[in-house]
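Working notes for the structure below.
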Amino acid sequence: MHEWSLAQAIVESVVEAANNKKAKRVKTLEVEVGSLAMLDKDIILEAIKTLSESTKLEGAEIKIYEEETKFRCKKCGKTWSFNEEKEEIEKRWEDSKIKDEYGTDDLPIHYFPELIFTMTSCPSCKSKDFEIIGSREITIKSVTIEV
């Protein structure tokens, strides 16, 4: 599960920034996850809490929220969301699922979000010429420290 490695990178970045600011501790951390990243927010939260033990991040209020990734067709202007499309993608690409290190079936876009351009098309005109609107990754949105 790459949620743990992402959580480790977040913890390291936040702790380094807190140390650079000579903070006593981190009070709050907000993390945004784009729905196209297909990351489990609960696993990320658990990982951040576990990895922050004995650091300036330990005990901080941590909020993880999802930003729904949307698409806009460049041909007809239709806008739709990844969450609306996800079930259809899973049905269409059932044979393309891969097994992760735990034996769980997963779509390749979980690991390579850019594959969305080959795995879907506009629900109105079927064009493959669309753009991604919003986040498709994990982002530290805010950190509050106590100095």
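The values are calculated or read from the model by the stated rules, or taken from the named source; none is laboratory data. Keep in mind the model is a prediction, meaning the values are calculated, not measured. Reconstructed Cβ throughout: ideal geometry from the backbone, glycine too, with neighbour counts over all protein chains shown.
Is it fair to say residue 70 is of a type outside the set (Phe, Trp, Tyr), in contact with a Gly (Cβ under 6 Å, 6 or more places away or on another chain) and either farther than 16 Å from residue 138 by Cβ or outside the structural domain of residue 107 (by TED's automatic domain parsing) (or both)? Taking the combined requirement at face value, the residue satisfies it.
For segment 108-147, filtering for residues that are assigned to a helix (DSSP H, G or I) and in contact with a Ser or Thr (Cβ under 7 Å, 6 or more places away or on another chain) leaves 1.
Can you confirm whether segment 75-95 contains a residue that is within 20 Å of the chain's Cα centre (by Cα) and of a type in the set (Phe, Trp, Tyr)? Yes. Is it true that residue 121 is farther than 26 Å from residue 64 by Cβ, among the polar types (S, T, N, Q) and at pLDDT 85 or above? When the stated conditions are applied, residue 121 passes them. The conditions of being charged (D, E, K, R) and surrounded by fewer than 18 Cβ atoms within 10 Å (Cβ to Cβ) are met by residue 78. Kindly indicate whether any position in segment 53-65 is in contact (Cβ under 8 Å) with a residue 12 or more places away in the chain, under 30 Å from residue 19 (Cβ atoms) and among the polar types (S, T, N, Q). Yes; the residues of segment 53-65 include at least one that is in contact (Cβ under 8 Å) with a residue 12 or more places away in the chain, under 30 Å from residue 19 (Cβ atoms) and among the polar types (S, T, N, Q).
The set of residues from segment 132-147 being modelled with pLDDT under 95 and of a type in the set (Asp, Glu) comprises just one member, 137. In the set (1) surrounded by fewer than 18 Cβ atoms within 10 Å (Cβ to Cβ); (2) assigned to a loop (DSSP other than H, G, I, E, B), residue 27 fails one condition alone, (2).
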